[in-house]
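The values are calculated or read from the model by the stated rules, or taken from the named source; none is laboratory data. None of the values given here were measured: they were computed from a predicted structure. When we count neighbours, we look across all protein chains shown, and the Cβ atoms used for this are built from the backbone with ideal geometry, even at glycine.
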Amino acid sequence: MAGETMIVRLGHIRWPLAATAVLAVVLAVAGQLVDGGPGLLGALLGVGLMAGGYLVSNLAIAWADSVMPKLVLTVGLATYVFKISLLGILLLVVIDRDWAGVRMTTIGMVCALMIWITAQIWSTMRAPAVPPGAVSD
């Protein structure tokens with residue numbers, strides 16, 4: 001039963017994951033054409049960082065909702081602070097290295113952010129309404 005409720009709680013991320021995978025392929029090709037190997041890796045790194053961050057947030061919030069719905073806000077905010085801090089540190093390290101893939105990493109991150117949010121909104125708006133209390137453990 002717990003597995004079913006997690007699927008219901010995470011049903012909205014199929015489209016964002018699919019859209020992000022398509023974006024990764026497109027940007028990897030663009031990165032290869034523009035900056036060679038570092039551009040390809042940079043594009044994949046940027047898209048992967050954003051998709052991974054959103055996936056971790058969704059998993060943490062779904063877990064918190066399945067354990068105790070009152071934890072959702074706390075877990076969501078804690079995950080966000082952790083994710084943004086880690087991302088900031090990583091960006092400072094990468095930018096300081098003068099790596100040729102930084103441009104495509106940045107482009108990948110910005111594009112993935114826009115694609116993920118747009119796809120998640122679209123997916124959520126298309127989802128059937130779930131009456132309160134319908135998803136319970």
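Regarding G3, is this residue over 22 Å from T118 (Cα atoms), more than 20 Å from the chain's Cα centre (by Cα), at pLDDT 90 or above and among the small types (G, A, S)? Don't jump to the end; show me each part of the working.
Working: over 22 Å from T118 (Cα atoms): yes; more than 20 Å from the chain's Cα centre (by Cα): yes; at pLDDT 90 or above: no; among the small types (G, A, S): yes.
No; evaluated as a whole, the condition is false for this residue.
Could you tell me which of the residues M50, M104 is crowded, with 18+ Cβ neighbours inside 10 Å, of a type outside the set (G, A, S) and within 13 Å of the chain's Cα centre (by Cα)? Even if it seems obvious, please write down each step before you answer.
Values: M104 fails: within 13 Å of the chain's Cα centre (by Cα).
From the options M50, M104, the qualifying one is M50.
Selection of first residues in region 104-124 that are β-branched (V, I, T) and of second residues that are part of a helix (DSSP H, G or I), restricted to Cβ pairs under 6 Å at least 6 apart or on distinct chains, gives the following pairs, ordered by first then second residue: T105/G42; T105/L45; T105/G46; I115/A19; I115/T20; I115/L23; T124/H12. If you go through region 40-77 and keep only what is β-branched (V, I, T) and under 24 Å from S123 (Cα atoms), you end up with V47, V56, I61, V72, V75.
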